[in-house]
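Below: the structure, in structure tokens.
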Amino acid sequence: MKRKRFFTLFLLAALCLSSCSAAEPLSAETFTPETAMERNVSFADVPGGAWYAGAVNWCVEKGLMQGVSPERFDPEGTLTRAMMAAVLYRAQGEPDVSGTSSFTDVPPGQWYTDAVVWASGQGIVQGYGNGLFGTRDTVTKEQMEVMLSRYMGKSTDWTGDPALTAPATRGETAAALYRELKGPEESASGETSRILVVYFSCTNNTKKIAEHIKAALGEEADLYEILPEEPYTSDDLNYNSDCRANREQEDPTARPAIQGTVEDLEQYDVVFLGYPIWWGRPPRIVYTFLESLDWTGKTIVPFCTSGGSGYSDDGIRDLTGGDTTWLTGRRFSGGADRSAVAEWVESLELPQPEKGEESVFYITVNGQTLTADFADNSSAGGVS
Ligand SMILES: Cc1cc2nc3c(=O)[nH]c(=O)nc-3n(C[C@H](O)[C@H](O)[C@H](O)COP(=O)(O)O)c2cc1C
């Protein structure tokens, strides 16, 4: 009943908006993830045996794609380039964006504006080179794959294959998203992630890097933000004064209180730990965080951002006890792009899931069952 009322309201809103605006029509892709979760994922035009059926259900459950109506997914239909940007923006959790687009066909205030501004800032979309993004153009198979690869931080080459200039269907797009974004742990048996990306960030530089790491790892990883009980104001961070941050850094015993904790650290084997450099070392709140949990058996991968200083994990390695493995850390500039981060993640020798936890991922494509064993990192993310 509630659902029916929602869709009636949605249709009225869509009609109203499309008649008020001559720009991009409101699309089914503008449903929110919340409404996706509300609806029962089963479409009359997606037979259970269709090769893309599992992928469609997964994408709708995750709020990445929506049906064109409550009953139909339209798997043979197509998406515009704006819709494809919006799908990836959703996959990223719709981060805040500022500014407007330099593309002349991406005006401010449209449903896709933030998505395109974000995607072009990340190098995921580049437009046609003549100031146009191609907002309403149908996304081709190759454009869809290239955008998705860039989102994953992989390097891509245009193939020039004429077959790939055909439009990507919605079914194919769902399958590609599923292939790239669904991580091995969840694929195995709906189980939980084994990697946690933890970060502390006051001005979002470290947060962006953490998000790139999460994007490179897909569903295999969860994100967690260390939040101070008392948030840092800009005065607290004004390092040219006797500010709170400076006072904490000067005091080796300072342990600023944190809000909450990681409730389920046991489930994670690997923890990425990110922070800004404050006066040449991690902020004292990182010390608080490490001292508050049991790190036995974990592998920690530190990373940091700074205005120019080099990497430092000064004092924090000693806080976790002897039975913790620390990998070599890495410093990034706040503006490091997604592919540099993904390349670093790819280069790491992370411990593999223990025996018995191997994750074999099955997907049926055109009637053929393909498998990828994610316990072997060399095939992670691909299907062989
Ligand atoms: C109190 C304080 C001290 C800092 N000390 C350094 C430093 O020693 N070297 C450096 O390169 N940057 C320093 N910075 C700059 C930050 O490391 C840099 O802006 C970082 O990317 C901020 O990350 P965030 O946006 O995730 O908070 C300092 C910033 C603050 C607020």
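Here the extension length gained between E61 and Y239 equals 59.6 nm, from 0.36 nm per residue of separation less the Cα-Cα distance. The listed peptides 155-164, 264-273, 207-216, 344-353, ordered by packing as a protection proxy, come out as 207-216, 264-273, 344-353, 155-164 (highest mean of other Cβ atoms within 10 Å first).
Using a Förster distance of 25 Å, how high is the FRET efficiency between E71 and D137, based on the Cβ-Cβ distance and rounded to 0.05? About 0.35, to the nearest 0.05. Extension gain for T159-E94 works out to 20.4 nm (0.36 nm per residue, less the C-alpha to C-alpha distance). Packing, taken as the mean count of other beta carbons within 10 Å per residue, orders the peptides 321-327, 289-295, 277-283, 86-92 from highest to lowest as 86-92, 277-283, 289-295, 321-327. With the simple model of a label 7 Å out from the Cα in the direction of the Cβ, S309 to Q126 spans 3.7 nm. Counting only Cβ charges, +1 for Lys and Arg and -1 for Asp and Glu, the dipole size of segment 192-347 around its Cα centre is about 480 debye. Once the Cα-Cα distance is subtracted from the 0.36 nm per residue extended length, the L319 to A257 segment shows a gain of 20.7 nm.
Read-outs: derived from the displayed coordinates by stated rules, not from any lab. Remember, predicted model here, so these are calculated numbers, not experimental data. Counting neighbours? That spans all protein chains shown, and the Cβs are built from the backbone with ideal geometry, glycine included.
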